[in-house]
Amino acid sequence: MQDIANTIPATRSKSLMLSDVRIRLAGRTLLALSATVMPGEILTVMGPSGSGKSTLLAFAGGFLDPAFVASGQIVIGDEDLTRLAADRRHAGILFQDPLLFPHLSVGGNILFAIPQSIRGRRARRELAEQALDEVGLSGFFDRDPETLSGGEKARVALQRVLISAPRFLLLDEPFSKLDMALRQQTRDLVFSKARASGLPAVLVTHDRADAEAAGGPVIEIGREVDG
């Protein structure tokens, strides 16, 4: 079966560059880094709570709280995204919680993310059902999200992100609330899907096992930064 990420028309995957990114809060520098993430590669940014990991993703995604002061550039291919609104950056984001819409069915959550370029009720429904089938959730289209297990919710959230045709992925500790066995299973699925999609991805975590499983470069933050 063709991977769902390859059934949505999209531009060719390009590298993601975090250029001279520096984020401050109340005059204190939380982090300063530069990195290039190649298509299909997962960059891990590690650090303790409060080190600015999630703040980095907020800056990359375009929804940084104005209490923070950020400088540097977020570039995909040769396009500078830094001053673009979040909805124009097309970042696919997975958070610690699946954040499924409770007023929609499982299938409705997937349908919501399918690009408008996919027309026709039947075509969109078939695409959503294919997405669910790919992660072992065949027949779940009409289910209430509240009836799902934590692992099932995580799989729906992953497919909802991938079907939206993102240009890059931001992974904000998406495994931290899962138990150990489920954490490993979900982590393997997310990373394999990220690589198969050919999208650059940035993972933030405090767990070294996540970094090892991601298999890409690792940047550690949380130390005092001068300036």
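The C-beta contact set for the range 204-221 (first residue on the phi > 0 side of the Ramachandran plot, second residue part of a helix (DSSP H, G or I) and surrounded by 15 or more Cβ atoms within 10 Å (Cβ to Cβ), distance under 8 angstrom, 6+ apart or interchain) comprises Gly215/Phe191.
Scanning the range 140-156 for residues that are outside any loop (DSSP other than H, G, I, E, B) and in contact with a helix residue (DSSP H, G or I) (Cβ under 8 Å, 6 or more places away or on another chain), which turns out farthest from Leu178 (Cα to Cα)? For the range 140-156, the residue satisfying everything is Pro145. Scanning the range 78-87 for residues being surrounded by 14 or more Cβ atoms within 10 Å (Cβ to Cβ) and either in contact with a Ser or Thr (Cβ under 6 Å, 6 or more places away or on another chain) or small (Gly, Ala, Ser) (or both) gives a total of 1. The residue pairs whose first member lies in the range 160-183 and is closer than 18 Å to Val204 by Cα and hydrophobic (A, V, I, L, M, F, W, C), whose second member is part of a helix (DSSP H, G or I) and open to solvent by 30 Å² or more (accessible area, probe 1.4 Å), and whose beta carbons are closer than 9 Å, counting only pairs six or more residues apart or on different chains, are Phe175/Leu182; Phe175/Gln184; Leu178/Gly150; Leu178/Gln184; Leu178/Gln185. Entry remark, the range 197-227: residues being small (Gly, Ala, Ser), modelled with pLDDT of 95 or more and under 14 Å from the mean Cα position of the chain (by Cα) number 3 in total. Selection of the range 136-151 for residues being surrounded by fewer than 20 Cβ atoms within 10 Å (Cβ to Cβ) and either closer than 22 Å to Ala194 by Cβ or of a type outside the set (Val, Ile, Thr) (or both) yields Gly136, Ser138, Gly139, Phe141, Asp142, Arg143, Asp144, Glu146, Leu148, Ser149, Gly150, Gly151. Within the range 74-86, can one find any residue that is in contact (Cβ under 8 Å) with a residue 12 or more places away in the chain, part of a loop (DSSP other than H, G, I, E, B) and touching a helix residue (DSSP H, G or I) at 6+ places or on another chain (Cβ under 8 Å)? The answer is yes; a qualifying residue exists. Within the range 88-131, the only residue that satisfies the criterion of being closer than 19 Å to Ala154 by Cα, open to solvent by 60 Å² or more (accessible area, probe 1.4 Å) and polar (S, T, N, Q) is Gln96. What residue, of Asp179, Asp210, is charged (D, E, K, R), closer than 18 Å to Phe95 by Cα and buried (at least 22 other Cβ atoms within 10 Å of the Cβ)? Asp210 is the lone residue from the list that is charged (D, E, K, R), closer than 18 Å to Phe95 by Cα and buried (at least 22 other Cβ atoms within 10 Å of the Cβ).
Please verify whether the range 159-166 includes one or more residues that are more than 21 Å from Phe112 (Cα to Cα) and of a type outside the set (Asp, Glu). No, there is no match, as no residue in the range 159-166 is more than 21 Å from Phe112 (Cα to Cα) and of a type outside the set (Asp, Glu). Contact map, the range 21-42: residues that are within 26 Å of Val190 (Cα to Cα) paired with residues that are open to solvent by 70 Å² or more (accessible area, probe 1.4 Å), Cβ distance under 7 Å, separation 6+ or inter-chain. Pairs shown: Ser34/Asp20; Thr36/Met17; Pro39/Lys14; Gly40/Arg195.
The values are calculated or read from the model by the stated rules, or taken from the named source; none is laboratory data. These numbers come from a predicted model, not from an experiment. Because the Cβ atoms are built from the backbone with ideal geometry, glycine has one as well, and the counts that use them run over all protein chains shown. With ligands, DNA and RNA removed, areas are computed over all heavy atoms of the protein, side chains included. Shrake-Rupley method; radii C 1.70, N 1.55, O 1.52, S 1.80 Å.
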